[in-house]
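The values are calculated or read from the model by the stated rules, or taken from the named source; none is laboratory data. Keep in mind it's a predicted model, so treat the numbers as computed, not measured. Neighbour counts run over all protein chains shown; Cβ positions are idealised from the backbone, glycine included.
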Amino acid sequence: MKLILIHGSLQDSALKKVSALKKDYDPLSVTEIGTADSGFNLASPGLFSETRLVILENPDLKTVEKAAKQTDPNLTVLIKFNKSLEKASPILKKILQAKGEVYEFNENNQTSIFPLLDMLGTKNKNSFKEFEKNYAEFGGQYLLTMLAYFLRRMIQKPKSGSDFMRQKIESQKRNFPQNQIVKLYREIIETDFKIKQGLVEEHLGVTMLVQKILG
C-alpha cells in the first residue's frame with residue numbers, strides 16, 4: 001500500500017498535484033471521499049481494476065490510522081488537507097511513521113486558476129479567454145479537477161475560509177441549482193473517462209464542459 005499526504009494553504013498547487021497523480025489511474029478505480037468517514041471500507045476491491053486510488057479529504061485521525069494499516073499492494077491512499085498540518089499533528093506523525101510521501105504547498109509562484117472559477121461562478125461570457133490562458137498553463141486534467149472542486153464547494157459547506165469567500169460561494173450558488181450541479185459533476189466524470197479512453201480530444205472535451213457550465 002502506498003500512502004500520500006498533500007497539504008497546505010495553496011490549493012492551486014495542491015490540486016494540481018492531485019490531478020497529476022490521478023492521471024495514472026483508470027477513472028473507475030478512483031474513489032474520492034469528501035468528508036471524514038471512518039466507516040469507509042478501504043479494503044474493498046475495485047470493480048474494474050486491481051490498482052486503486054482512494055482520496056480522503058480532511059479525514060480524522062481514526063481514518064488515517066485505518067489507512068496506514070492497509071497492506072494491499074495495489075492500493076494507494078491519498079490524504080488531502082486544505083491547510084498545513086502542524087509539525088506536532090498526530091495525523092502528520094502517523095503518516096511519517098508509515099513512511100508515507102508528504103507534499104506541502106504554501107508558496108504561490110504560478111498563475112492562479114481562481115479568477116477563472118470566479119468568472120464561471122458569475123457565468124461571465126468572457127470566461128473563454130481566461131480559460132484558454134489556464135488551459136495553456138495547466139492542461140486539461142488539472143482543469144477537470146478544479147472544475148469538480150468548483151462545483152463541490154457549492155454543495156459542501158466550507159469548514160474554513162474567510163467570510164468574503166463564504167459570501168462569494170453563496171452568491172455563486174444562486175446561479176447553479178443543485179440538480180444542475182449534480183448533472184455537471186457527472187459530465188466532468190464522463191468527460192474525464194472519454195479523454196483517457198481516447199474517445200474525445202482533451203481540449204475539445206474541456207471546452208464543451210466550460211460551455212455547459214456557462215449555460
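Things worth noting here:
- Hits in region 79-100 - residues which are over 22 Å from GLY34 (Cβ atoms) and touching a residue at least 40 places away in the same chain (Cβ under 8 Å): ALA98, LYS99
- Some residue of region 59-72 being touching a Lys or Arg at 6+ places or on another chain (Cβ under 8 Å) and buried (at least 19 other Cβ atoms within 10 Å of the Cβ): yes
- Region 61-78: number of residues that are more than 19 Å from VAL30 (Cβ to Cβ), in contact (Cβ under 8 Å) with a residue 40 or more places away in the chain and either assigned to a helix (DSSP H, G or I) or of a type in the set (Asp, Glu) (or both): 1
- Hits in region 188-215 - residues which are of a type in the set (S, T, N, Q) and either surrounded by 14 or more Cβ atoms within 10 Å (Cβ to Cβ) or outside any helix (DSSP H, G or I) (or both): THR191, GLN197, THR207
- Listed by position, the helices (runs of 4 or more DSSP H) enclosed by region 88-157 that each have at least 2 residues that are in the same structural domain as THR207 (by TED's automatic domain parsing) are 114-121, 127-138, 140-152.
- Residue within region 146-166 that is of a type outside the set (A, V, I, L, M), farther than 30 Å from LEU85 by Cβ and either within 18 Å of the chain's Cα centre (by Cα) or surrounded by fewer than 18 Cβ atoms within 10 Å (Cβ to Cβ) (or both) present: no
- Only one of the numbered conditions (1) surrounded by 13 or more Cβ atoms within 10 Å (Cβ to Cβ); (2) at pLDDT below 95 is violated by LEU184, and that is (2).
- Residue within region 106-123 that is at pLDDT below 90 and basic (Lys, Arg) present: no
- Whenever a residue of region 39-60 is more than 21 Å from LEU92 (Cβ to Cβ) and at pLDDT below 60, its partners that are hydroxyl-bearing (Ser, Thr, Tyr) and assigned to a loop (DSSP other than H, G, I, E, B), lying with C-beta atoms within less than 8 angstrom and at least six residues away or across chains, give the pairs SER49/TYR25.
- Given (1) farther than 30 Å from GLU202 by Cα; (2) loosely packed, with under 13 Cβ neighbours inside 10 Å; (3) in contact with a Leu (Cβ under 9 Å, 6 or more places away or on another chain), number of the condition LEU92 does not satisfy: (2)
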